[in-house]
Amino acid sequence: MASHIVGYPRIGPKRELKFALESFWDGKSSAEDLERVAADLRASIWKQMAEVGIKYIPSNTFSYYDQVLDTTAMLGAVPTRYSWNGGEIGFDVYFSMARGNASVPAMEMTKWFDTNYHFIVPELGPDVKFSYASHKAVHEYKEAKALGVETIPVLVGPVSYLLLSKPAKGVEKSFSPLSLVNEILPIYKEVVSELKQAGATWVQFDEPTLVMDLNSDILQAFTHAYSELESSLSGLNVLVETYFADLPAEAYKTITSLKAITGFGFDLVRGSKTIDWVKDGFPSGKYLFAGVVDGRNIWANDLTASLYTLQSLEGLVGKGKLIVSTSCSLLHTAVDKENETMLDEEIKSWLAFAAQKVVEVSALTKALTGNKDEAFFTTNSAALASRKSSKRVTDEAVQKATATLKGSDHHRDTSVSARLEAQQKKLSLPILPTTTIGSFPQTMEVRKVRREYKANKISEKAYVNTMKDEINRVVKLQEELDIDVLVHGEPERNDMVEYFGEQLSGFAFTMNGWVQSYGSRCVKPPIIYGDVSRPKPMTVFWSSIAQSMTKRPMKGMLTGPVTILNWSFVRDDQPRFETCYQIALAIKDEVEDLEKAGINIIQIDEAALREGLPLRKDEQAFYLDWAVHSFRITNVGVKDTTQIHTHMCYSNFNEIIRSIINMDADVITIENSRSDQKLLSVFREGVKYNAGIGPGVYDIHSPRVPSKDEIVERINKTLGVLGSNILWVNPDCGLKTRKYSEVKPALTNMVAAAKHLRAQI
Ligand code: GLN
Ligand code: ZN
């Protein structure tokens, strides 16, 4: 019996890596400074795991940006535009791929399965020449060893790597990256051989794509790859790790029949079928890594239930062959609950963050070998019992209101075309109206004042005045830039979900419960522990102030129910849709109050609608149905003349375009520039779209300022597919993380581009 952790958060218990990265990017600290912070973080993680007795401790799950990009670097698969001249890939090329540089935009980034983590999408064409160009996996293994910690090096598996790649420019339609499998295997062989030489006895290949709906050709690629690697892997124990769902039957069969693989990691939290597959047959003599501790959430494990599951699995695979593990990498949960000094003690007792999950894995392992820590198990049962019976979890009125929503449907009374006409009469916007997505750069000053107010260091009056000044500045700037539909800039918001959660009942907050979203950017998901309601208006005060500062329309700015749900740690004691309906009713109250306060345009962001989509096709329709319904509930009660916007970012929308249309918003602004305008293809293919739409004209995730001509060209491309009567001009997403020195010229160029085109149409 032994214990294993699939992967660990790299950002640090207090986001040490984030600050080190940003300071390095700003030229305020050296590469050595950054490397020192990173090495300290790795060392403390390894030591912590070693201290609690974890046997299989992962290495190479650290990353300066993203593990898929690390793999791209390992394979030397640098797109030519980043002018890499061979040799070991250093920070400059690495971060150029991740973030772009003065002359070249960043590579595309997309969501990692159904998480809020984003990876850098590899671009592979038939001409790519692979070479072993980053020895990071080996370095990290050696580094841990030098600290006295034996680790299991983790690599993104070769087949998942290729399946997550996209064809390079020019060969989009004709090339399948999977055809490169024989080209990348030699590099994997080199890495494995170096790891062996360095003393590794195990290696872990993450192959999460195995949980997707894969056809037999693709499954064949797994068989091919691991058979091909077999001789290089001999002498090593090989773990293939899967997560985020159970394996489809065929995938289970394929992978468990591979000789080269000695251990299989399964997600037993999300996977309901896996135990049946194991019962039906598990290769004798091999290891089962049982992911019973949830890597996607913050709830304490039900240790008694897990122990029962583990015991039954042990009966199936044999003593000594069962390894206790996490359901997936702990990257997707918060880092350490110990730093939560402000959290209510009762709620805190219900939780386990990454550091606590490591202890849970260890406690389960010990219990399985007959060394059960009775006190630890008793405390755990008491916490679970208190959560079940706690009065703060249940609100009868909310339960009643949502019960009536199930099985019902809600639609606007009029068609979107009729509504747009009514709105245009009131708003009189030019064609190709310009707008932004909501947030403006959050200066140090704004952050500081918000922080001080929260800590009761300054008065409410001082806080409100600073925010008013900030809003006024943002409003005046937009007027100067001649933007048509204004925003207030969201200076009062730390985060688009947390801000609302803080004002809703049923939510709890952490101080340091950060989870990496991409690069140095983290989110701090609220914890939804109870029934949700809105005690009082949340945004009306700020939106009204902002509207009073200008004659131009001011967009009210809300986060939608599905996004609040998908970006929170959600209670696991009732179905997700039930919680989502509760949030929808709360947002509906807010929408109606904004309308009453004279806000004529209300944007309800659903940035995360796509990412909640279940990975497997047979579960998607149900999700889309309640998610889209939840959105419609929020605005079903508004007047035709109130324009409802929504916004979505970083997703592949094409497969859910019908659901997006079904949301029946009046205008949607949508990410478009970083994913190579993929979005447009769906309209090119004939999907009818009558509502307003603003496909983002430039990437806000990069410091690069787009030129006017470039934006004109972008919009022109879009005009070839979508009518000028429905087209809006806006950036890809909010401007919160940018600097004014980037935002001003970028928006100047954006407005100039819109005006240039208006004159031509
Ligand atoms: N309104 C939000 C903002 O501008 C939207 C952010 C998002 O889509 N992620 O910051
Ligand atoms: Zn966005």
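The values are calculated or read from the model by the stated rules, or taken from the named source; none is laboratory data. If you're wondering where the values come from, they're calculated on a predicted model, not measured in any experiment. Here Cβ is always computed from backbone atoms with ideal geometry, including for glycine, and neighbour counts include all displayed protein chains.
Under the condition of being part of a loop (DSSP other than H, G, I, E, B) and more than 32 Å from the chain's Cα centre (by Cα), which residue from segment 724-761 is farthest from R447 (Cα to Cα)? Selected residue: I761. The single condition from (1) within 16 Å of ligand 2 (Cβ to nearest atom); (2) more than 23 Å from R658 (Cα to Cα) that S741 fails is (1). In this structure, is I437 in contact with a His (Cβ under 9 Å, 6 or more places away or on another chain), in a helix (DSSP H, G or I) and crowded, with 19+ Cβ neighbours inside 10 Å? In short, no. Here L615 clears all of (1) outside any helix (DSSP H, G or I); (2) closer than 17 Å to G560 by Cα except the condition numbered (2). Search segment 536-568 for residues being in a loop (DSSP other than H, G, I, E, B) and of a type in the set (G, A, S), and hand back the single one that is nearest to the chain's Cα centre (by Cα). In this case the residue turns out to be S568. Checking the stated criteria, R704 turns out not to satisfy the condition of being at pLDDT below 95, more than 16 Å from ligand 1 (Cβ to nearest atom), in a helix (DSSP H, G or I) and within 30 Å of W25 (Cα to Cα). Entry remark, segment 383-402: residues being touching a Phe, Trp or Tyr at 6+ places or on another chain (Cβ under 9 Å), within 19 Å of L585 (Cα to Cα) and part of a helix (DSSP H, G or I) number 2 in total. Of the residues making up segment 425-432, none is surrounded by fewer than 12 Cβ atoms within 10 Å (Cβ to Cβ), free of Cβ contacts under 8 Å to residues at least 60 places away in the same chain and assigned to a helix (DSSP H, G or I).
Scanning segment 435-473 for residues that are more than 16 Å from ligand 2 (Cβ to nearest atom), within 22 Å of K551 (Cα to Cα) and touching a residue at least 60 places away in the same chain (Cβ under 8 Å) yields M467, K468, I471, N472.
If you go through segment 71-124 and keep only what is part of a strand (DSSP E or B) and either β-branched (V, I, T) or under 22 Å from V191 (Cβ atoms) (or both), you end up with T110, F119, I120, E123, L124. Selection over segment 595-618 of residues that are away from ligand 2 (no atom under 16 Å from the Cβ) and more than 19 Å from K639 (Cα to Cα) gives a count of 6.
Taking residues in segment 714-738 that are within 13 Å of G696 (Cα to Cα), and partners anywhere that are more than 16 Å from ligand 1 (Cβ to nearest atom), the pairs with Cβ atoms closer than 6 Å and at least 6 places apart or on different chains are I715/L757; L727/L432; W728/P433; W728/G692; V729/L432; V729/A754. When residues in segment 617-667 are screened for being more than 18 Å from the chain's Cα centre (by Cα), within 14 Å of ligand 1 (Cβ to nearest atom) and under 24 Å from W112 (Cβ atoms), 1 of them pass.
Yes/no matrix, rows are residues, columns are (1) modelled with pLDDT of 95 or more; (2) more than 19 Å from the chain's Cα centre (by Cα):
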{"site": "V37", "(1), (2)": "yes, yes"}
{"site": "I57", "(1), (2)": "yes, yes"}
{"site": "S83", "(1), (2)": "no, yes"}
{"site": "I89", "(1), (2)": "yes, yes"}
{"site": "Y94", "(1), (2)": "yes, yes"}
{"site": "V104", "(1), (2)": "no, yes"}
{"site": "M109", "(1), (2)": "no, no"}
{"site": "E123", "(1), (2)": "yes, yes"}
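Does R412 satisfy the criteria of being within 16 Å of ligand 1 (Cβ to nearest atom) and surrounded by 15 or more Cβ atoms within 10 Å (Cβ to Cβ)? Answer is no for this residue.
If you go through segment 1-48 and pick out every residue that is in a loop (DSSP other than H, G, I, E, B) and basic (K, R), you end up with 4.
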